[in-house]
Amino acid sequence: MTPSPSAAPESPTERKILLSGSRPTGRQHLGNYAGALAQWLDMQEECDCFFMIADWHALTNAYNDTSELPENTRQQMLDWLAVGLDPEKATIFIQSAIKEHAELNLLLGMFTPLGLVERTTSWKDLVIEQRIEEMRTYGFLGYPVLQTADILMYQAHVVPVGRDQVEHVEKAQDLAQKVNVRYGEVFRIPQWRIGNAPVLLGNDGRKMSKSYGNCIYLSETSAETWDKVRVMVTDPARVTKKDPGNPEKCSVWDYHKVFTPQDRHAEIWENCTGAKWGCIQCKKVLQEALDTKFEPVRERRAALEAKGDEWRNVLVEGNRKARARARQTMENVREKLNLFASDGSDNS
Ligand code: TRP
Ligand code: SF4
């Protein structure tokens, strides 16, 4: 097939800019993979991607004890690299290394009506409803403003996020708009994007969460994974193998949708609804799919870990690239806002 001119590969400068990030929560679980990493892997092929470790955001609730931050960052980086985030294709960096984020956070704060931050779901939940006094901080109230700074800093077109983060990207849109109305085209208005993967539950049937101890981690061995998959909560109607099940009521089915090759889905469905397979048989199919997908990841992770500081070098290089972009943005912002340039020269 002869490619039409419009199908010609775009030059790097025409590629869409994508930014996403995650607080350093440590080892990544299958929920992180389905909800974020799988999409990021696809996107790094076609977009100019920035993937950020949001360590300042982690401080909003960890400010009293930051001792786990370094190890959580290391574990997260090992997983990101092991699954295939590629520093040759994407810029992988750490928020706190790019001080420009703090500067933009401050400037955006001037434009931020209190109502905009006060209506954030997590603020309303933790501070207003649950009255958790330690969360009643200026920093936590400003969470969406800092996130806006992260996004606008790189002039991102697209921000892939989980459903719960959409409101933050909408705040970024509002704030960008507000600045642009006064000062011209300062910021690109970012678009959020949510993936279509189902939200995976923990193996006890509750929301997957580190604190519940119900997560399956990417870095677990095949045997450890099976120990968790084997006891996964399934459709409660299936008391014995003879009871027909409904995959829609079973979180194992959601895992199949993400990890098991499409061509086995009909077979799974029939064997469940027709009461032909026991749940263990069904879970073995999942286990096989997980092993196929993650065995190479486990190997790459072990190899990376053996190389000691390799993950750190990736960050150093990513930080360098991110910083160069961030500085450009901030010089432009200063100029548009009639502030002095960062070298102290008058912009007028
Ligand atoms: N708030 C996000 C999380 O909890 C992390 C994050 C920080 C982020 N800045 C971002 C995500 C910018 C997308 C874009 O995981
Ligand atoms: Fe769930 Fe599979 Fe059991 Fe059906 S057979 S209830 S899909 S684990």
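The values are calculated or read from the model by the stated rules, or taken from the named source; none is laboratory data. Not measured: the values here are computed from a predicted model. Note that each Cβ is placed from the backbone with ideal geometry, even for glycine, and that neighbours are counted across all protein chains shown. For the accessible areas, the whole protein counts, side chains as well, though only heavy atoms, and no ligand, DNA or RNA atoms are used. Shrake-Rupley method; radii C 1.70, N 1.55, O 1.52, S 1.80 Å.
At a 1.4 Å probe radius, carbon and sulfur cover how many percent of the accessible area of the chain?
So the carbon and sulfur contribution to the accessible surface is 51 percent.
For the chain, what is the calculated [θ] at 222 nm in deg cm²/dmol (nearest 500), taking -39500 (n - 2.57) for each run of four or more DSSP H residues and dividing by its residue count?
Helices in the chain give a 222 nm mean residue ellipticity of -15000 deg cm²/dmol.
May I ask you to list the trypsin sites (Lys or Arg not before Pro) in the stretch 199-302 that are in a DSSP loop and have at most 16 other Cβ atoms within 10 Å of their Cβ?
R206, K241, K242, K276
So which DSSP H runs in the chain come out at 24 Å plus along the axis (Cα) with average Kyte-Doolittle of at least -1.0?
166-183, 279-306
Report the relative contact order of the stretch 210-306, percent, no decimals, based on alpha-carbon pairs under 8 angstrom and at least 6 residues apart.
32 percent
My understanding is that a pair violates if its Cα-Cα distance is over 31 Å; which of K178/K257; K210/K293; K16/K178 do that in this structure?
Among K178/K257; K210/K293; K16/K178, the Cα-Cα distance tops 31 Å for K178/K257.
Which distance in nm do the two modelled labels at K89 and S222 give, with both placed 7 Å along the Cα-to-Cβ direction?
So the label points at K89 and S222 sit 2.7 nm apart.
Which of rounded, prolate or oblate describes the stretch 210-306 when judged by the alpha-carbon gyration tensor and an a/c cut-off of 1.5?
It comes out prolate by the Cα gyration axes.
Using only the alpha carbons of the stretch 73-178, what is the convex hull's orientation-averaged projected area in square nanometres?
Orientation-averaged projected area of the Cα hull: 8.1 nm².
Could you provide, to the nearest whole Å², the per residue accessible area of the chain with probe 1.4 Å?
Ligands and nucleic acids excluded, the figure is 52 Å² per residue.
When 1/r is averaged over all different Cα pairs and the result inverted, which Kirkwood radius in Å belongs to the chain?
Result for the chain, one decimal place: 22.3 Å.
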